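Structure, as structure tokens:
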Amino acid sequence: MHELICSSPGHLTYARTDLPVLTPGHAIIKIKRIGICGTDLHAFEGTQPFFQYPRVLGHELSGELVAFDNAPGFREGEAVTFIPYFSCGACIACRRGLSNCCEQINVFGVHSDGGMKEYISIPSTSLLHGEGLSYEALALVEPLAIGAHAVRRAAIQPGEYVLVTGAGPIGLAAMEFARIAGARVIALDVNAERLEYCTSRFQVPFAVNARDADAREQVKAITGGDMPTVVMDATGNLQAMNNGIYYLAHGGRYVLVGLQKEALSFSNPELHKRETTLLCSRNATRADFEHVISCIQQGLINPAAYITHHIDFMAVKDAFPSLADPATKVIKAMVTL
């Protein structure tokens, strides 16, 4: 079978490799769709902190279940996705039900080779039923679950103003699940076209360009002078993450969803005077994945709204460098096998 390897930053290579062999407690999936995410792009650029090369990228995946061991209730030939975070089950996080931040976590496509190939083998315990969803919708469940988990971490209450910084796929997912939780959502980004996408395709009621000199005053006016009680960063941009605190109401929660290699630096007086609750959100849990699938089934989420580009698997190598270019206007690129 074919696989696509990121051999070093900026370099992708197709290779031929053996088909996976069924082993105890595992399942084999014939890949049908691959979503390209920010983690993949950052790995290609060399800015992903939890990364070693060479690596097969890809963890937003769906496909046909072709073989399995010890997966009660599943059947050969059904459409599936899976949870691509493999935990140890023994560390303090796992013992407390926080397998998403396991001390020894192995994220498929980050810590070990991922799904940019024709067939994969994964632990059967990670499987999720397709529940009648399309392959494209199933390949979007993982990034949507990231947003759903962040919203759950924020414990958003109906009627709260929630500012989401970064209108990429994860930010959009956070906006959608904040909306579902009953929040009044404000999108903040430096890209005017992304902001227009938020309001036209995702019905986000408020959008502010962070480049505007009065961006903070605009947010203040939207919230009636109060500022948002929740600010969520989905940029992974150092400056944006450092400055997010200035948009937060006193007594608010600041949730870091984006990931940055460098050290963050907050003004202690600004952080302290708000009695800020600082939270990080990493990966997602099975409950988050199931919530996403349920929301798609109910029509609360439209997966098609996220997909702006379609790419054939054998064209990914040539197309990949352009995907991080703002001129390409990518929200979500979906690979077809």
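If a residue has to be open to solvent by less than 80 Å² (accessible area, probe 1.4 Å) and assigned to a helix (DSSP H, G or I) to count, how many in segment 292-320 make the cut?
Selection size over segment 292-320: 14.
Residues being part of a strand (DSSP E or B) and either open to solvent by 50 Å² or more (accessible area, probe 1.4 Å) or on the phi > 0 side of the Ramachandran plot (or both): count how many of those fall in segment 274-291.
Here the count works out to 3.
Report whether or not Ser126 is more than 18 Å from the chain's Cα centre (by Cα), of a type outside the set (D, E, K, R) and over 30 Å from Pro228 (Cβ atoms).
When the stated conditions are applied, Ser126 does not pass them.
I'm checking my understanding of the structure. Among residues of segment 216-260 that are of a type in the set (Gly, Ala, Ser) and not in a helix (DSSP H, G or I), which one is surrounded by the most Cβ atoms within 10 Å (Cβ to Cβ)?
Filtering first and then ranking leaves Ala234.
Looking at Leu264 and the list (1) buried (at least 16 other Cβ atoms within 10 Å of the Cβ); (2) over 18 Å from the mean Cα position of the chain (by Cα); (3) closer than 29 Å to Ala43 by Cβ, which single condition is not satisfied?
Of everything listed in (1) buried (at least 16 other Cβ atoms within 10 Å of the Cβ); (2) over 18 Å from the mean Cα position of the chain (by Cα); (3) closer than 29 Å to Ala43 by Cβ, Leu264 misses just condition (1).
Enumerate the pairs (first residue in segment 258-287 and farther than 16 Å from Asn237 by Cα and in the same structural domain as Thr229 (by the TED database); second residue anywhere and assigned to a loop (DSSP other than H, G, I, E, B) and of a type in the set (A, V, I, L, M, F, W, C)) with beta-carbon separation below 7 Å, excluding pairs fewer than 6 apart on the same chain, so at least 6 apart or on different chains.
Arg274/Leu248; Thr276/Leu248
Could you check segment 15-49 and list, in sequence order, the residues that are surrounded by 14 or more Cβ atoms within 10 Å (Cβ to Cβ), of a type outside the set (A, V, I, L, M, F, W, C) and either modelled with pLDDT of 95 or more or in a strand (DSSP E or B) (or both)?
Result: Thr17, Pro20, His26, Lys30, Lys32, Arg33, Gly35.
The values are calculated or read from the model by the stated rules, or taken from the named source; none is laboratory data. This is a predicted model, so every value here is computed, not measured. Glycine gets a Cβ as well: all are built from the backbone with ideal geometry, and neighbour counts include every protein chain shown. We work out accessible area using only protein heavy atoms, side chains counted, and drop any ligands, DNA or RNA first. Shrake-Rupley method; radii C 1.70, N 1.55, O 1.52, S 1.80 Å.
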